Amino acid sequence: MTMTATSAQPTSAIHCRELVRIFSAEGVEVQALQGLDLEVARGELTALVGASGSGKSTLLSILSGLDVPTAGQASVAGFDLLAMRERDRIGYRRNVVGFVWQQTGRNLIPYLTAAENISLTLAVAGHPRAHRAARAGELIDLLGIGDLGDRVPRQLSGGQQQRVAIAVALANSPEVLLADEPTGELDEANSALVLEAMRDVNERLGVTVLIVTHDPGVSDHVRRTVQIRDGRTSTETLRRTEVSDDGAERHIAEEFAVLDRVGRLQLPPDYVQALELRRRVKLSLETDHVQVRKGDTE
Ligand SMILES: Nc1ncnc2c1ncn2[C@@H]1O[C@H](COP(=O)(O)OP(=O)(O)OP(=O)(O)O)[C@@H](O)[C@H]1O
């Protein structure tokens, strides 16, 4: 492959700045992304959570190289997605990013076994036959699906299919794994298993993982959750575990507003509603914080 990554953001696996995507249909413009900023460090496991229509699928289409943004910056593993030539996109999608989609049917070929699905991905990428079997075996072990290798997708549960799909997505050792609602069709127990599998491959292989979902419950399984609202990242929740002197573990989740390059931030809607904030607010700079108060009534 002749593609070369630019080294603008060497520490970021995913870098989006002021990303804009405008769709025009029959003279009406929809701003699906309205200046979105997102940084995901190499090796990070992050969930991007947002309501329907917030722009998640639009962002994922751009990051997966299927769609091109209207303006802004977007790069994945150093590949500039605005500058990438059409013929490089195939190589990018094959070798740099892996995908797991919500619809299990989109991830796996229905008449091939789990092992054959993995091998086919390797064959398409030009790996020699001898290497394919060894790599398929490694991935099957990694995902704990050793007893499922000979089954076709309809003989697997939804959760098992998604674990095979993760193996398929990782077959070409991508730097970044993108998952679109990977638990959307699963019950709670299977969702937890699939999310644990994502966490496991992230920890063991160091692959960067971005899970896009409307399900806020995903944040229980990841350290960092970024909320997307109206085409922009709005708040982030970071989780950590503290161990006290007596050895007891405490899980702490803290929510942060995201400040963009020019100092803009979105207030969470429940804060806005609770204080009936409208149109204008009063800001005052205190020694260690900024105060936001209801503006004058008109
Ligand atoms: N091809 C398109 N043409 C016109 N508008 C579009 C197109 N794709 C998306 N949109 C609009 O852009 C906005 C964001 O859509 P998007 O599908 O990215 O949201 P989403 O968060 O993924 O929603 P969902 O969870 O329902 O899939 C929506 O208002 C949607 O109607």
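Fully extending the segment from residue 25 to residue 287, taken as 0.36 nm per residue of separation minus the present Cα-Cα distance, adds 89.4 nm. Computed extension length for residue 131-residue 87: 13.2 nm, one decimal, from 0.36 nm per residue of separation with the Cα-Cα distance subtracted.
Globularity index of the range 104-191 is 1.03 (Cα radius of gyration / 2.2 N^0.38 Å, N = number of residues).
Computed from point charges on the beta carbon alone (+1 for Lys and Arg, -1 for Asp and Glu), the dipole magnitude for the chain about its Cα centre is near 960 Debye. Within the chain, antiparallel bridges make up roughly 70 percent of the DSSP beta bridges whose residues both belong there. Here the extension length gained between residue 71 and residue 199 equals 42.8 nm, from 0.36 nm per residue of separation less the Cα-Cα distance. Using every pair of distinct Cα positions in the range 178-285, the Kirkwood expression returns a hydrodynamic radius of 16.6 angstrom.
Taken along the Cα-to-beta-carbon direction at a fixed 7 Å, the label points for residue 275 and residue 109 span 5.8 nm.
Computed on the chain, the Cα convex hull volume stands at 190 Å³ per residue. Once the Cβ-Cβ distance of residue 141 and residue 189 is raised to the sixth power relative to R0 = 25 Å, the FRET efficiency obtained is 0.65.
Bridges between two residues of the range 158-246, per DSSP, are antiparallel at a rate of about 50%.
Note that the range 218-260 shows a convex hull volume over its alpha carbon atoms of 66 Å³ per residue.
One Cα centroid belongs to the range 152-172, the other to the range 189-245; the line between them spans 20 Å.
Note on surface exposure: 99, 23 rank 23, 99 by accessible area, highest first, 1.4 Å probe. Spin-label model, residue 294/residue 150: points 7 Å from Cα along the beta carbon direction are separated by 7.1 nm. Between residue 262 and residue 157, the modelled labels are 5.1 nm apart [label points 7 Å from Cα along Cα→Cβ].
The values are calculated or read from the model by the stated rules, or taken from the named source; none is laboratory data. Not measured: the values here are computed from a predicted model. Note: ideal-geometry Cβ built from the backbone for every residue, glycine included; neighbour counts use all protein chains shown. Each accessible area value is taken on the protein alone, full model and side chains, heavy atoms only, with ligands, DNA and RNA left out. Shrake-Rupley method; radii C 1.70, N 1.55, O 1.52, S 1.80 Å.
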